[in-house]
Amino acid sequence: MSQISDWLYSDDRLELRERTLSTLLRQFGSALNEEGVPVYGTESIYACAHDWVSQGNSTPDGVIDYYLENYSGTRNSDPAHAGGNQETSGKDWW
């Protein structure tokens with residue numbers, strides 16, 4: 001098996017991505033609207049975690065505010081929730 005040398009996939013960065021994603025999912029992952037549909041799409045949560053790590057942050061501290069400032073308009077953006085609010089932040093993270 002070959003090792004990936006990209007700094008984004010180092011053990012430290014992968015651990016940070018995990019901690020950042022956990023922080024975001026705890027805060028936003030279980031919020032439901034009146035119809036029981038998730039308020040925040042998982043796509044925006046994963047994109048935020050990716051961006052946070054890609055920007056060189058060393059801890060998840062501040063990621064909640066970062067999400068609210070940059071991704072709060074991406075509510076329910078997952079394709080599985082078609083018909084809901086399909087706003088996106090305009091960020092290409094993949």
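Kindly evaluate Asn76 against the criterion of being more than 11 Å from the chain's Cα centre (by Cα) and modelled with pLDDT under 95.
Taking the combined requirement at face value, the residue satisfies it.
For Asp65, indicate whether it is at pLDDT 95 or above and over 20 Å from Trp7 (Cα atoms).
Yes: the conditions hold for Asp65.
Return the total of residues in region 15-58 being more than 16 Å from Asn70 (Cα to Cα), at pLDDT below 95 and not in a loop (DSSP other than H, G, I, E, B).
Qualifying residue count, region 15-58: 2.
The values are calculated or read from the model by the stated rules, or taken from the named source; none is laboratory data. These numbers come from a predicted model, not from an experiment.
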